[in-house]
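A short write-up of the structure that comes next.
The values are calculated or read from the model by the stated rules, or taken from the named source; none is laboratory data. Keep in mind the model is a prediction, meaning the values are calculated, not measured. A quick note on method: Cβ atoms are made from the backbone with ideal geometry, for glycine too, and the neighbour counts reach across all protein chains shown. What goes into the accessible areas is simple: the full protein's heavy atoms, side chains included, and nothing from ligands, DNA or RNA. Shrake-Rupley method; radii C 1.70, N 1.55, O 1.52, S 1.80 Å.
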Amino acid sequence: MKKVFALIEKELAKFAQLSFFEFLRNKSINPIQRLSFALFVIVYGDLNKFVWLEEPIVNPIQDIVNKQIPEEENHWIWFLKNLDYLDFNQFLNFTDSLKFNLSDQTLIFRQTIYELYWRTFQVNPIYKLVAIKSIKSISNIFFSITARVTQELKVFTNREYPYFGNPHLLAENDHSVHSYQTKEFIASMHLAEDIHKQACELVNKIFELFTALIDMLVNFAEEYKIKQLLTKSFGGSDYAQLPLSVLLM
């Protein structure tokens, strides 16, 4: 399993160099503009409950998989709070939101979930764990950078942004799969050659999927016409308190 972990770290190093993360770090761009990708929704809840969860527990690896599922189940509430705190609810009504999330523009998000479902449904728990480890590694880079953006925004809004901010990052790092004992146990596992090969193929596929997804996000965030929306009067919105230099940078 150590070789699989090494592959994840190798792919993660390449992933961290994607232009999306350069975009997020660019302080010359309005922090709200940098977070405009939040309009996209990718739902892991069904994967957790209906694909990765398996009961009764059949082996120690499935036990590790099962333990991380309740740790994730309330994160979607943070996501909804972020949309509200960013005032994105002002931009789309429910019908338009559904159209957006079912449009060709968001197809890659649905395809990513379908692909993960197909590759991890009713399989050896090793593959579920490899998928979770890969995604959590990606999430750690993602949230470590978005947390900095939310701190910039907090200076002007005095709001905490739990999903893209520090609360989510801290929660992710505190999950049981990251405990010393769990990591040592997983790393000590010896995989048969065929399982090792398929696990590595899964790692490569997941990074391929998320690279395509991230590339689409940066294109959207750069092109999204949020300036016009931000300069509207929202009747008491925190954005009304932002200096024009921040709104229009």
Listed candidates (1) 35, 18, 17; (2) 27, 24, 18; (3) 30, 19, 18 - label of the one calculated as semi-axes √(5λ) of the Cα gyration tensor in Å: (1)
Sequence ranges 128-141, 68-81, ranked by mean other-Cβ count within 10 angstrom, highest first: 128-141, 68-81
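From the helices alone, meaning DSSP H stretches of at least four residues, give me the mean residue ellipticity at 222 nm for the chain, per-run term -39500 (n - 2.57), in deg cm²/dmol to the nearest 500.
Details: 13 runs with 160 residues, N = 249.
Calculated from helices alone, the mean residue ellipticity at 222 nm is -20000 deg cm²/dmol.
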Considering only the other residues whose Cβ falls under 9 Å of the Cβ of Thr150, what net charge follows from Lys and Arg at +1 and Asp and Glu at -1? +1
Grab the Cα-Cα distance for Glu152 and Glu54, subtract it from 0.36 nm times how many residues apart they are, and report the gain in nm with one decimal. 31.2 nm
Considering only protein heavy atoms, with the full assembly of protein chains and a 1.4 angstrom probe, order Tyr44, Tyr127, Tyr117 by accessible area, largest first. Tyr117, Tyr44, Tyr127
Tell me the carbon and sulfur percent of the accessible area for the chain, rounded to whole percent, probe radius 1.4 Å. 55 percent
Tell me the per residue accessible area of region 35-135 using a 1.4 Å probe; a whole number in Å² is fine. 53 Å²
What aspartates and glutamates does Lys10 reach when the alpha-carbon gap must be under 16 Å and sequence neighbours fewer than 8 apart in one chain are set aside? Glu201, Glu208
Looking at the square roots a ≥ b ≥ c of the eigenvalues of the Cα gyration tensor of region 104-218, which shape do they give, rounded for a/c under 1.5, prolate if a/b is larger than b/c, or oblate? oblate
By per-residue mean of other Cβ atoms within 10 Å, what is the highest-first order of 13-23, 196-206? 196-206, 13-23
